[in-house]
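See structure below.
The values are calculated or read from the model by the stated rules, or taken from the named source; none is laboratory data. Computed from a predicted model, the values in this text were never measured in an experiment. Every residue, glycine among them, receives a Cβ derived from its backbone with ideal geometry; neighbour counts consider all protein chains shown. In case anyone asks, the SASA skips ligands and DNA or RNA and just uses the protein heavy atoms, side chains included. Shrake-Rupley method; radii C 1.70, N 1.55, O 1.52, S 1.80 Å.
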Amino acid sequence: MIVRSKRRMLLALGVSAGLLAGVPALLAAPLAAQPAKGPLVLAAASLQESLTAAAEAWAAKGHPRPVLSFAASSVLARQVEAGAPADLFISADVPWMDFLAANKLIVPGTRASFLTNTLVLVAPRAQPFKLAITPGFALAAALDNGRLAMADPDAVPACKCGKAALTNLGVWRSVESKVVRAENVRAALLLVARDEAAAGIVYATDARATPGVVVVGSFPATSHAPIVYPLAQLASSRHRDAAAFRAFLLSPAGKQVFARYGFGTR
């Protein structure tokens, strides 16, 4: 019994010694290299597919892939104002870029009018309807007991334009009580795609990216302010690739990516 116990002890010590012997080698081994991150871009929610494709095209050239954060332009601008570190901002609304510029939160000389879009009325693919968008059009009747999905008309660019268009066409008062306010355009679009709203007002590019909706019609360009996406480098930017990625987005190759997703380019 004593001999057997000693043998077990020696085996245990041998195993422990082997494990301990390997510890210095593990400690000496270099840590696996972490992939480098590209510049942080804050962008309007309507740019999800197109900007992701542009970031991938940039990364394919051998650059670190940019980090993308999407939300309503108003939310992102407030984050920048609060000190959130980021490199580039792409707004779906000129006034929010004006707001950052007035507070000296963008790099002078880096602001550029970047993309354009159009405003459309969509319905669930399972419950489509026909309606010509003209002055006084019968939107309230088309909605019946259903809801009209919009991002917050008092803050989100797409639906500020939507409210302006409905007002200028003389139908806002008839549908105001039917409006369900979503956090951003994509959230409003999802309500329509899920048939939780009878219709919604979104950008044409959003409707194109979502198979669950159909476009009922386009709002006349004269019914609302032009939809322009400005781009600028933020004053808080410290990433060495920020200026280069901005230049790529504004280049013919970069704009071509956005054109594939239905955006107008400038």
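State whether the residues of the stretch 138-147 include one that is of a type in the set (S, T, N, Q) and open to solvent by 80 Å² or more (accessible area, probe 1.4 Å).
Taking every residue of the stretch 138-147 in turn, at least one turns out to be of a type in the set (S, T, N, Q) and open to solvent by 80 Å² or more (accessible area, probe 1.4 Å).
When you look at Ser73, is it surrounded by 10 or more Cβ atoms within 10 Å (Cβ to Cβ), at pLDDT 95 or above, touching a helix residue (DSSP H, G or I) at 6+ places or on another chain (Cβ under 8 Å) and among the hydroxyl-bearing types (Ser, Thr, Tyr), yes or no?
No, not satisfied.
List the residue pairs whose Cβ atoms are under 6 Å apart, where the first residue sits in the stretch 81-110 and is over 19 Å from Lys255 (Cβ atoms) and at pLDDT below 95, the second is open to solvent by 20 Å² or more (accessible area, probe 1.4 Å) and part of a loop (DSSP other than H, G, I, E, B), and the two are 6 or more positions apart or on different chains.
Matching pairs, first to second residue: Pro85/Ser236.
Being open to solvent by 20 Å² or more (accessible area, probe 1.4 Å), assigned to a helix (DSSP H, G or I), more than 26 Å from Thr222 (Cα to Cα) and out of contact with any Phe, Trp or Tyr (no Cβ under 9 Å at 6 or more places or on another chain) narrows it down to one residue among Glu49, Glu56; which is it?
Glu56
Filter the stretch 217-260 for residues that are closer than 28 Å to Ala142 by Cβ and open to solvent by 30 Å² or more (accessible area, probe 1.4 Å) and give the result.
Ser218, Pro220, Ala221, Thr222, Ala225, Pro226
Tally time: how many residues in the stretch 77-98 are among the aromatic types (Phe, Trp, Tyr) and either open to solvent by 50 Å² or more (accessible area, probe 1.4 Å) or part of a loop (DSSP other than H, G, I, E, B) (or both)?
Number satisfying all stated conditions: 0.
Looking only at the stretch 59-76, how many residues end up being over 8 Å from the mean Cα position of the chain (by Cα) and either in a loop (DSSP other than H, G, I, E, B) or touching a residue at least 60 places away in the same chain (Cβ under 8 Å) (or both)?
Of the residues in that region, 10 qualify.
Report, by residue number, each residue of the stretch 196-216 that is in contact with a helix residue (DSSP H, G or I) (Cβ under 6 Å, 6 or more places away or on another chain), assigned to a strand (DSSP E or B) and surrounded by fewer than 24 Cβ atoms within 10 Å (Cβ to Cβ).
Val215
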